[in-house]
Structures are given as C-alpha cells and as structure tokens.
1. Looking at region 124-136, which of its residues are surrounded by 14 or more Cβ atoms within 10 Å (Cβ to Cβ) and without any contact (Cβ under 8 Å) to a residue 40 or more places away in the chain?
2. Any idea which of (1) under 18 Å from Tyr118 (Cα atoms); (2) part of a helix (DSSP H, G or I) is the one Leu242 doesn't satisfy?
3. Do the conditions hold for Ala124, that is, is it among the hydrophobic types (A, V, I, L, M, F, W, C) and touching a Phe, Trp or Tyr at 6+ places or on another chain (Cβ under 7 Å)?
4. Six or more apart or on different chains, Cβ atoms under 9 Å: show the pairs whose first residue is in region 96-120 and in contact (Cβ under 8 Å) with a residue 24 or more places away in the chain and whose second is in a helix (DSSP H, G or I) and polar (S, T, N, Q).
5. Among the numbered conditions (1) modelled with pLDDT of 90 or more; (2) of a type outside the set (A, V, I, L, M, F, W, C); (3) touching a Leu at 6+ places or on another chain (Cβ under 9 Å); (4) surrounded by 13 or more Cβ atoms within 10 Å (Cβ to Cβ), tell me where Lys224 comes up short.
6. Got a number for residues in region 171-215 being among the charged types (D, E, K, R) and part of a loop (DSSP other than H, G, I, E, B)?
7. Can you tell me which condition Arg164 does not meet? The list is (1) assigned to a loop (DSSP other than H, G, I, E, B); (2) under 20 Å from Glu271 (Cα atoms), and all the others hold.
8. Determine whether Gly47 is in a helix (DSSP H, G or I) and modelled with pLDDT under 80.
Amino acid sequence: MLWGRSGNRCAIYRCELIADPFVPADDPSVVGDMAHIIARKPGFTRGNYDELSEDQREAYGNRILVCKVDHKKIDDQPAYFTVEKLHEIKTSHEQWVRGQLSDAELNRQRDEEVYAAYVEDFMALIEVERWTAHGTWICSPDGPEMSREYHDALQKVGPWVISRLWPRRYVDLENAFVNFRDVLSDLLGTFNRHAEFTPDREHLMTSRFYRSCEWLEQAHYDEKVKRYEEHTALVEDLFFELTRSLNYMCDLVRKNVIPSFPVREGAVLVERDHVGFDMRIEHTRPEYRGDQRTLHPYPGLDAFKKERYSRDFYVRTHPDW
C-alpha cells in the first residue's frame, strides 16, 4: 500500500479501510513508513550500499512511503523487491497520485514533503536520539562539557538552517528552526568563551578559570569563583532554552506536517546528575508556556540573561547573578 500524500495524510491511497460506523470521525491514523530503496546500512542486501553517499541514501530519490505491512515485505524479500522494482512502483504510484489531486493539493503535498525531509535531516544533524545523553555532559556538576564530535556537528546547524529553501507555507514552523539556530549560536558562543580540550582532545570542557598560579586575595578569588559559576549557570540555562526550542519545534511539526511526530518517543528531556544535597538525578521537560509561544520566543542573549528566571526551569535562584 503506497501513500499518495505526505506521511500525515490518509486522503489518497490504494488500500481498503474498514471504518466502525458507530465511532465519530477521528483525525487520520498515521500508518506510513519511510522505506529505503538502496539500503541505508551496509548489513542490508538490496542495492549497492557504497554507490551512494550518506546524504544520497537519505534523499527523496532513495526513499518510498509505504504502509507498515509492505515495509516489512520490502525488508524481508529483497530478491523480489529489487531496486528497479521499487523505482517502478514508486514512479507508477506518483503518476497515479498526480492524476487524483488538484493543483492546490499537489502544491501542498510538495511543500509538506520538503518540510518532512528537512525535519528528518535536522533531527539526524542534532543527534536528537542522544539529546538527553549529550545534555548530561553539558549540565555536568563538574562544568559544561561536550564531545568534540558533537561540538563539530552543532557548528553545522546554523549554516544548514540558513541555506534551506523554505516553501513559506508554515511560517511558524520555519521560524521555529530560526529560533533554535539563534539559541544554539548563543549557547556555542558562550560555551566556547571558556572551553578547552581535554588531554585526549576528544572533549571540550569548561576551563576552571578561577584558578591561579599566583596567590590571590580572598575577595579576588571569590569574585573569580562567582564569575565561573555565573558562566556555567548561563551555559546550562541556554541548553535548557535550546531544549525548550526543540520541543516547541516538535509541537509545530505535529501541528502542521506530521501529527504523530514524535509521539512514541515523547518530549525531549534534560537530565542532570548530583542535584541538591541528596545528589539526585533530575529529569526536566523544558517548554515554552503561555505567552512565550510566539514566532520567535528566544529574546537574544542579553535579554535572556534576565528573562531565564521567568522560564519553567533554570539553574541559579539568584537573578542578581
């Protein structure tokens, strides 16, 4: 069963649905999967894995929307569902779909396919499946830290967002990408200000810049410690804000493009270790709430230094810091 529209619509497809006449009409049920024509992992047997780059394997031309039953068949029967066979099925169905939809519906479908592809690429770029694990390092009681690999990946997000060719259909969703980019830019800029490599150069950690090779007056030392604590608190609060912006983006993806996204996985959380006198592990779910849910909720770094204390979660309890 091939879908004739993007993954959040059940308006046009070639399969039989049996509806319960006694149940009021509900929203469409999302049953579609994205299958790869040439396998995306070297362990699968269909196609020549090495003939495509990673980006080409994830591109639209190498993907086909199918129902979950046919997805299982495609994976289990590569001898029948060859690369050529899947391209033939995809082309035939796309032609059928184009004959069923109006121009306005086709334009909407194309736009939603663009958004869906951007969302998928974006989530892979920010390593959303490891978000909580990365956050544990950034919000470490020993000071913010991140792997060099993750730091390099985050550096690519800003240029990626700027270079997208947005359809301009769902402006609120597009602005959510920009909002995320702006928070991330300030997070990286703030973190980098006092970051240094670990001895193995595999991680970047926050320098304990309050230390000195020379003897310091107590008041001078206390002032340096305060600046260090201000810095680490701001980095952590910016990561809370980044998580907030990511959860907001997911809300808008569900609203505009993919109602099920990512319902099974749930909201994105922040995990902090050794919190409080009892040294507990704390999980929080930062979100924009109420009148914070605007086209661009992040106010910029200077304003955020004050406004963060009105957010649902923040690290320090003293706004004067």
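The values are calculated or read from the model by the stated rules, or taken from the named source; none is laboratory data. Note that the structure is a prediction, hence the values are computed from the model and not measured. FYI the Cβ positions are ideal-geometry reconstructions off the backbone, even for glycines, and counts take in every protein chain you see.
1. Pass one, region 124-136, residues surrounded by 14 or more Cβ atoms within 10 Å (Cβ to Cβ): 125-128, 131-132, 134-136.
Leu125, Glu127, His134, listed by residue number.
2. That leaves (1) as the condition not met.
3. Values: among the hydrophobic types (A, V, I, L, M, F, W, C): yes; touching a Phe, Trp or Tyr at 6+ places or on another chain (Cβ under 7 Å): no.
Criteria not met by Ala124.
4. As it stands, the answer is Val97/Gln109; Leu101/Gln109; Glu112/Asn256; Tyr115/Asn256, since those pairs meet every condition given.
5. Against the list (1) modelled with pLDDT of 90 or more; (2) of a type outside the set (A, V, I, L, M, F, W, C); (3) touching a Leu at 6+ places or on another chain (Cβ under 9 Å); (4) surrounded by 13 or more Cβ atoms within 10 Å (Cβ to Cβ), Lys224 comes up short only on (1).
6. First pass over region 171-215, keeping only residues among the charged types (D, E, K, R): 172, 174, 181-182, 186, 193, 196, 200-202, 208, 211, 214.
With part of a loop (DSSP other than H, G, I, E, B) added as a condition, the list becomes 193, 200-202, 208, 211, 214.
Counting residues in region 171-215 that are among the charged types (D, E, K, R) and part of a loop (DSSP other than H, G, I, E, B) gives 7.
7. (2)
8. Numbers: in a helix (DSSP H, G or I): no; modelled with pLDDT under 80: yes.
So Gly47 fails the test.
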